[in-house]
There are 2 protein chains.
Amino acid sequence: MAAERDGAPKQQTAKALTGLRDLVLKGEVLHGERLSEVALAARLKVSRTPLRAALQKLEQEGLVVMIPSGGYAVRSFSRQDVIDAIELRGVLEGTAARLAAERGVPPVKLKAILDVVASLDRVVEPGPGAMDFGLYEMLNERFHRQLAALSGSEVLSREIERITGLPFASPNAFVNTEADVPAFQRTLVIAQTQHKAIISAIGLREGARAEALAREHARLARQNLDFVMEEQPDLRGKVLALALMSS
Amino acid sequence: MAAERDGAPKQQTAKALTGLRDLVLKGEVLHGERLSEVALAARLKVSRTPLRAALQKLEQEGLVVMIPSGGYAVRSFSRQDVIDAIELRGVLEGTAARLAAERGVPPVKLKAILDVVASLDRVVEPGPGAMDFGLYEMLNERFHRQLAALSGSEVLSREIERITGLPFASPNAFVNTEADVPAFQRTLVIAQTQHKAIISAIGLREGARAEALAREHARLARQNLDFVMEEQPDLRGKVLALALMSS
DNA sequence: GAAGCGCACAATGTATACATCGCGTCAAGA
DNA sequence: TCTTGACGCGATGTATACATTGTGCGCTTC
């Protein structure tokens, strides 16, 4: 049959995409390993056509690379790559913050992101029970997405979304790890302070400050990376994204 | 036949890619127009499969967008989009310059880009004959490519290459126009001065200065854009890239 | 006459068959 | 024993056939 009976036809490529991403992120395919199209197609229960489309999209996302002779392989990231991706996110988000400050943002949008900040406050503040990390991730992602939108630049937002797609460059990349280490929980408080400062700077039209703050905010991720790599290497397994790192 | 007899099989997708890019850049397909796969495939003498691959790559490059209901359409860029893309190139190249300065670059690489600068000097300096704009474009592109490489960051270089792929964000976007307007030739002298200053700052490990200079360097493109749009609208036709602008 | 429904066409999304190219293996010769 | 060549397998790249979905037009009805 040309299209599937049960599953929703036309979403085969989405199925292949999410399936492939999972395989890569969970490390079920190793670095440099050549990705056999037929094997993957059989494994994901899709045809080769949507699978190749998914492979192409993953190449665009940067998770796989083309082999000169043909086909694709899982990309392996050096530690320097991870550092650079985090730095780049800081630069891009910094630019978004600066443009938002320089160009001004409509009050309704400012209010919306302030609401997110307030919600984050309630999550971060030490309460009786354990912190809801899932909720934190959701709100944190929303904050960063809205920050990108504040720039008013479609081009920039797209680029931020791209770099954020790299799993270890995501704003939430190290949140999972932090759940187990009490010292890490304090970094979330620091992050929240920076969130507030960034929005404050934008509201005051202080572009340079907003840019510097957003850059520094991304630096937090690098601190966490250094901590995981050098002081607590046993935590590496808990950060899914680092499964892609070669060294 | 499954593959072509005459042409090199496996390069059909490249053929479709370059052909499609030409069609879009030359404005032979209008903004928002739905791109019919069968029609394009027939026009470019390729099958639908490599054509769809090319369409997907062009979407990655940002020249076409997906239609929610399916298929692709030529993306139309607002003037703000063009401005933002230029700004973004400045930010990214600025980051490359800063990282190069902060991290240091091997002397052999510094020497290589200095050679390019010297060659540009010879092209820009007023001589008896007319200036060789083709040579300028080649050297200018090489300078910007090597500048990106000086950062030592693969991630950043890839991103710069991406944004530079947008025709109006290319360092050479407005060079063609300048050939006719004597006043524009002076901007090339200014640009060359900035080239030298950027490399100087990198050599002196002055990261902040290098970043600021590279940003300002991109600003030159925006000046040219403003000039074309507001003072000499008749020149718009000479800048191929601006055929993509809607307003 | 206008609005809503239904049908037919055309377009995309998917599956699969085919051709070519790269790579490994094996054998023969030096 | 090492090197070089050819052969075969398996892989990707390409073409095409098929199913489904979205869209536009015409008809019917109020």
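Since every read-out is calculated from the coordinates, none of them should be taken as a lab result. Keep in mind that this is a model prediction, so the values were computed, not measured. Backbone-built Cβ (ideal geometry, glycine too); neighbour counts: all protein chains shown.
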Handout entry: Per-residue ³J(HN,Hα) for the stretch B:111-118, Karplus 6.51 cos²θ - 1.76 cosθ + 1.60, θ = phi - 60°, Hz, x for Gly and Pro
Key = 4, 4, 6, 5, 5, 4, 4, 4
Problem - Cut-off under 5 Å, modelled amide H: who pairs with A:V46 long-range - result: none
Completion exercise
Longest principal axis of chain A (C-alpha) makes with the long axis of helix A:154-165 (C-alpha) an angle, in degrees to the nearest 10, of 70 degrees
Completion exercise
Once phi for every residue in the stretch B:20-25 is put through the Karplus expression 6.51 cos²θ - 1.76 cosθ + 1.60 (θ = phi - 60°), the whole-Hz ³J(HN,Hα) values, with Gly and Pro written as x, are 5, 4, 4, 4, 5, 5
Practice task
Quick one: angle between helix A:133-150 and the longest Cα principal axis of chain A, in degrees between 0 and 90, rounded to 10, please.
Solution key: 80 degrees
Problem - Net length gained if the chain between B:A183 and B:T18 were fully extended (0.36 nm per residue, minus Cα distance) - result: 56.0 nm
Completion exercise
For B:P182, inter-copy label-point distances (7 Å, Cα→Cβ), nm, shortest first, read 7.8
Completion exercise
The alpha-carbon center of the stretch A:136-173 and that of the stretch A:91-113 are separated, in whole Å, by 13 Å
Completion exercise
Length-normalised contact order of chain A, Cα under 8 Å, at least 6 apart, in percent, tallies to 27 percent
Exercise for the section: Please list the non-local residues whose amide H lies under 5 Å from the amide H of A:L35, H modeled 1.01 Å from N, same-chain partners needing a gap of 5 or more. Expected result: A:Y72, A:A73, A:V74
Problem - Residue closest to axis [chain B; rotation mapping onto A; Cβ; Å] - result: B:Q60, 2
Exercise for the section: Note the distances from B:R219 to each other copy's matching label point, with points 7 Å along the Cα-to-beta-carbon direction, in nm, sorted shortest first. Expected result: 2.5
Fill in the blank from the handout: Taking Cα atoms only, helix A:79-103 is inclined relative to the longest principal axis of chain A by an angle, in degrees rounded to 10, of 50 degrees
Completion exercise
at A:E33 the sorted inter-copy label distances (label 7 Å from Cα on Cβ side), in nanometres, are 4.6
Handout entry: the stretch A:8-74: relative contact order in percent, alpha carbon pairs under 8 Å with at least 6 residues between
Key = 40 percent
Problem - Lys pairs under 23 Å by Cα in chain A, provided they are eight or more residues apart or on distinct chains - result: 11
Fill in the blank from the handout: Quotient of Cα radius of gyration and Kirkwood radius for chain B, i.e. Rg/Rh, equals 1.02
Practice task
Pull up all non-local amide H partners of B:G27: gap of 5 or more, or a different chain, and H-to-H distance under 5 Å with H placed in the peptide plane.
Solution key: none
Exercise for the section: Determine the relative contact order of the stretch B:1-118: mean sequence separation of Cα pairs under 8 Å and six or more apart, normalised by residue count, in whole percent. Expected result: 23 percent
Completion exercise
Over chain B, the sum of -39500 (n - 2.57) across DSSP H runs of at least four, divided by residue number and rounded to 500 deg cm²/dmol, gives at 222 nm -20500 deg cm²/dmol
Fill in the blank from the handout: Placing +1 on each Lys and Arg Cβ and -1 on each Asp and Glu Cβ in chain A, then taking the dipole about the Cα centre, the residue among A:L40, A:G90, A:F184 whose Cα reaches farthest towards the positive end is A:L40
Handout entry: DSSP-defined antiparallel bridges as percent of all bridges, the protein assembly as shown, nearest 5
Key = 85 percent
